[in-house]
Structure formats: C-alpha cells, structure tokens
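Notes to accompany the following structure.
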Amino acid sequence: MELDVKPCDLIADVFDLLENPTIKTSQLYMKITDTLGITYMVTPEYPGGISSRDFVDLSEISEEDGAYFLTYKSIQGVKPEVEGLIRAINHPSGIIMEPVYYNEGVKTKLTWIINNDYKLNFVLKFAANLMIPQNLKKMMQFIQEYVERKHD
C-alpha cells in the first residue's frame, strides 16, 4: 500500500501501527538498544471459537538506502506463558517502508510480510482463513487513517 508520508516519518510511528484493530494490547516489553527490543502483543478473541493469542518477539528497526525495516521473530524464554492465552509464533516477518519519489515529494510504499503460526486445529484454521483477509483489510485501513490523522 502507498501512504502519503515519508518513510523516515513513518518509522517513528511504527510501534503505534502495531496497536491496530487486530491487536488487543501491544507493548515494548524490553528495550535492548535504540533499534532492538522485545515486543509483547495479545490478540483479541475472534468469532468461531478462536481464543486470544500472545506473541513475544525480538524486533529490530533498520535503515538502508532510505528504506526502513521493522523485522521481528518470536523468541522463547523471555516472558512466561500467560494462563488463558495460547502462545503463538511469529516466524521471520517484517514491515518494509520504501520511499517512492514523485514530482511533489516522497511517499511510502508499505509492505507487511506476516508469517505466523496461531496454533490452530484443523477446524479453527478454516475459520481463521475466512477471518485473516478481513483482519488485513482492517489493519491497512487503520494505517491509512492513522497516517491521514497524524501526518496531514
């Protein structure tokens, strides 16, 4: 998706973007350096019997040639599992914010690569396959509205 904001401005808001309608809570659990930390997120319950999941991820922000990256991957042994939540796994994933140059300025091409395991059984996987496209649409709409509110 293309956003009317420079990548260098959007990266400053990247953790706000994680607090979108598909996430119940999101926090920086542990700051390791200015660009590396451990994030903790909890999803809401979803219709069809999909209970809340939580994720503990090692997250890193980097920049190369004007493009910014938030990459993340689940890690173990940092935060104990929480009763009532199923610990889901994020395989290597990330948000890429690339500059797109126009005569009137710079915009951002945002690509979000999601590769996770929600730990669902066969029946719930079917329900999730119906829900996930709707969630992605909600997430992208939230990001668009966030950019319009904050950067206009």
Residue pairs within 7 Å by beta carbon, gap of at least six or interchain, first lying in segment 117-144 and touching a residue at least 24 places away in the same chain (Cβ under 8 Å), second part of a helix (DSSP H, G or I), listed first then second, are Tyr118/Ala128; Leu120/Ala128; Ile143/Leu17
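Can you name the residue in segment 88-141 that is of a type in the set (Lys, Arg) and surrounded by fewer than 16 Cβ atoms within 10 Å (Cβ to Cβ) and, of all such residues, is farthest from Met1 (Cα to Cα)?
Lys119
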Selected residue (only one of Leu28, Leu10, Leu36 is crowded, with 18+ Cβ neighbours inside 10 Å, hydrophobic (A, V, I, L, M, F, W, C) and in contact with a strand residue (DSSP E or B) (Cβ under 7 Å, 6 or more places away or on another chain)) = Leu10
Which of the residues that make up segment 24-72 are touching a residue at least 24 places away in the same chain (Cβ under 8 Å) and among the aliphatic types (A, V, I, L, M)?
-> Met30, Leu36, Ile38, Val42, Ile50, Val56, Ile61, Ala67, Leu70
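In segment 34-60, how many residues are at negative phi and assigned to a loop (DSSP other than H, G, I, E, B)?
First pass over segment 34-60, keeping only residues at negative phi: 34-47, 50-60.
Narrowing further to those that are assigned to a loop (DSSP other than H, G, I, E, B): 34-35, 43-45, 47, 51-52.
Adding up the residues that qualify gives 8.
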Pairs, first of a type in the set (Lys, Arg) in segment 97-111, second assigned to a strand (DSSP E or B) and surrounded by 15 or more Cβ atoms within 10 Å (Cβ to Cβ), C-beta under 7 Å, six or more apart | Lys107/Leu3; Lys109/Glu98
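Each reported figure results from applying straightforward, stated rules to the coordinates on display, with no laboratory input. The shown structure was predicted, so the numbers you read here are calculated from the model rather than taken from an experiment. For neighbour counting, all protein chains shown are included, and Cβ atoms are generated from backbone atoms with ideal geometry for every residue, glycine included.
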